[in-house]
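The structure appears right after this line, and notes come after that.
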Amino acid sequence: MATISRSVEYPTSDRKPMAETDAHRAVMVDLIGVLEAYYADDPMTYVSGDLLLFYEEGDKRRHLAPDVFVVRGVAKHRRAG
């Protein structure tokens, strides 16, 4: 069975305020930095955090925003926002 891919425009914000403390934010930023350094030589590992991730194709309501995440097999580049 063939899968039909359709173009879906996903939002870049969930319009909810960030609720981190200074300590939480510092740990999040530090961890992202450490992981970026660890995977610096791997062009197919993307490290980021606090971005909306959509886990059900086509459903703009099915998302989460992890503090930190690593995606192997995905090229590094700035995501739209």
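We did not get these values from a lab; they are worked out from the coordinates using the rules stated. This structure is a prediction, so every number in the text was calculated from the model and none was measured. Here Cβ is always computed from backbone atoms with ideal geometry, including for glycine, and neighbour counts include all displayed protein chains.
Would you mind computing, in nm to one decimal, how far apart the modelled labels at HIS77 and ARG15 are, each placed 7 Å from Cα along Cα→Cβ?
3.0
If I stretch the segment between VAL34 and GLU56 completely, what's the gain in nm (0.36 nm per residue apart, minus their alpha carbon distance), one decimal? The partial results should precede the final answer.
Numbers: separation 22, 0.36 × 22 = 7.92 nm, distance 2.93 nm.
Going from the current span to full extension adds 5.0 nm.
How fast does segment 22-72 diffuse by Stokes-Einstein, in µm²/s, taking the Kirkwood radius from C-alpha pairs at 10 °C and 1.306 mPa s? Walk me through the numbers on the way to the answer.
Working: Rh = 12.0 Å.
Result for D is 132 µm²/s.
In segment 20-81, what trypsin sites (Lys or Arg not before Pro) fall in a loop by DSSP, with at most 14 other Cβ atoms inside 10 Å? Display every interim value, and only then the final one.
Working: sites: ARG25, LYS60, ARG61, ARG62, ARG72, LYS76, ARG78, ARG79; in loops: LYS60, ARG61, ARG62, LYS76, ARG78, ARG79.
Here the sparse-neighbourhood loop sites are LYS60, ARG61, ARG62, ARG78, ARG79.
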